[in-house]
Amino acid sequence: MGVPRPRDLQLDEHIDFVRRSWRVERAATWVLIAILVAAGAGLLGSGPLSGGEASAGGLRVEYPRLSRYQSSERLVIHAAPAARAGELRLWLDRAYLEGVRIESMVPPPVRAEAAGDRVVFVFALADVRPFALHVRLQPERIGLLHGRAGLDGVGEALTFRQLVYP
């Protein structure tokens, strides 16, 4: 015969607390999975859902839909060959430019002109290839940025939006 065992270990069981903690663990697991799926899809950085494109009036803009505050981003503006006559006059909305800081433009503009609610960038055109402007910029404001661009005196303006998060 062995030593008699007590029927209970005399532990204070709080089964309601245990069940609540299991629910919290399951919810946290689903939240983590959702964050990983969002990151993989591009909602938290580069990916298939992070890039956007807008076009109107012989102009096409490739832009990041989602940006981080003060991180370097790229904006590419394509102009149709029909929009040329020795120089290209491309304008960007002043309100958008106040929300970003332009780091570089390739090719660089010959000059920039203020024109009311927009800034007109003038580019010299030497060859017949379609024009592509690569702009490096940093968002300087958190929230939704509304951008507009167009060719000065030609066609309609195109609009695009960027969400800048911290």
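Within the stretch 135-157, the set of residues being modelled with pLDDT of 90 or more and either polar (S, T, N, Q) or within 17 Å of residue 80 (Cβ to Cβ) (or both) comprises 138, 149.
Condition check ((1) of a type outside the set (S, T, N, Q); (2) in a strand (DSSP E or B); (3) touching a residue at least 24 places away in the same chain (Cβ under 8 Å)) across all residues:
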| site | (1), (2), (3) |
| --- | --- |
| 127 | yes, no, no |
| 137 | yes, yes, yes |
| 141 | yes, no, yes |
| 145 | yes, yes, yes |
| 149 | yes, yes, yes |
| 156 | yes, yes, yes |
| 164 | yes, yes, yes |
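Here is a list of conditions, (1) of a type outside the set (Ser, Thr, Tyr); (2) in contact with a Phe, Trp or Tyr (Cβ under 6 Å, 6 or more places away or on another chain); (3) in a strand (DSSP E or B), and residue 109 meets all of them except one; can you say which number that is? Unmet for residue 109, out of (1) of a type outside the set (Ser, Thr, Tyr); (2) in contact with a Phe, Trp or Tyr (Cβ under 6 Å, 6 or more places away or on another chain); (3) in a strand (DSSP E or B): (3).
Could you list, in sequence order, all residues of the stretch 115-125 that are charged (D, E, K, R) and outside any loop (DSSP other than H, G, I, E, B)?
Kept after step one, since they are charged (D, E, K, R), are these residues of the stretch 115-125: 117-118.
Passing the criteria: only 118.
Would you tally the residues in the stretch 113-129 being surrounded by 14 or more Cβ atoms within 10 Å (Cβ to Cβ) and either aromatic (Phe, Trp, Tyr) or over 15 Å from residue 154 (Cβ atoms) (or both)? Looking only at that region, the number is 3.
Can you name the residue in the stretch 108-118 that is touching a strand residue (DSSP E or B) at 6+ places or on another chain (Cβ under 6 Å) and touching a residue at least 12 places away in the same chain (Cβ under 8 Å) and is also farthest from residue 93 (Cα to Cα) among such residues?
Residues of the stretch 108-118 that are touching a strand residue (DSSP E or B) at 6+ places or on another chain (Cβ under 6 Å), as a first pass: 109-113, 118.
Narrowing further to those that are touching a residue at least 12 places away in the same chain (Cβ under 8 Å): 109-110, 118.
Details: 109: 16, 110: 19, 118: 4 Å.
So the residue we want is 110.
Whenever a residue of the stretch 70-81 is touching a residue at least 24 places away in the same chain (Cβ under 8 Å) and outside any loop (DSSP other than H, G, I, E, B), its partners that are among the hydroxyl-bearing types (Ser, Thr, Tyr) and crowded, with 18+ Cβ neighbours inside 10 Å, lying with C-beta atoms within less than 7 angstrom and at least six residues away or across chains, give the pairs 73/67; 75/63. Residues that are over 17 Å from residue 73 (Cα atoms) and either polar (S, T, N, Q) or free of Cβ contacts under 8 Å to residues at least 40 places away in the same chain (or both) within the stretch 91-107 comprise just one, 94. If I go through the stretch 32-69 residue by residue, how many of them are β-branched (Val, Ile, Thr) and either assigned to a strand (DSSP E or B) or assigned by TED's automatic domain parsing to the domain that holds residue 100 (or both)? Final tally of qualifying residues: 1. Go through the residues of the stretch 70-92 one by one and say whether even a single one is over 18 Å from the mean Cα position of the chain (by Cα), under 29 Å from residue 39 (Cα atoms) and not hydroxyl-bearing (Ser, Thr, Tyr). Checked against the condition, which is being over 18 Å from the mean Cα position of the chain (by Cα), under 29 Å from residue 39 (Cα atoms) and not hydroxyl-bearing (Ser, Thr, Tyr), the stretch 70-92 yields at least one hit.
The values are calculated or read from the model by the stated rules, or taken from the named source; none is laboratory data. Remember, it's a predicted structure, so these values are computed and weren't measured experimentally. Cβ sites come from the backbone with ideal geometry, for glycine too, and all protein chains shown count toward neighbours.
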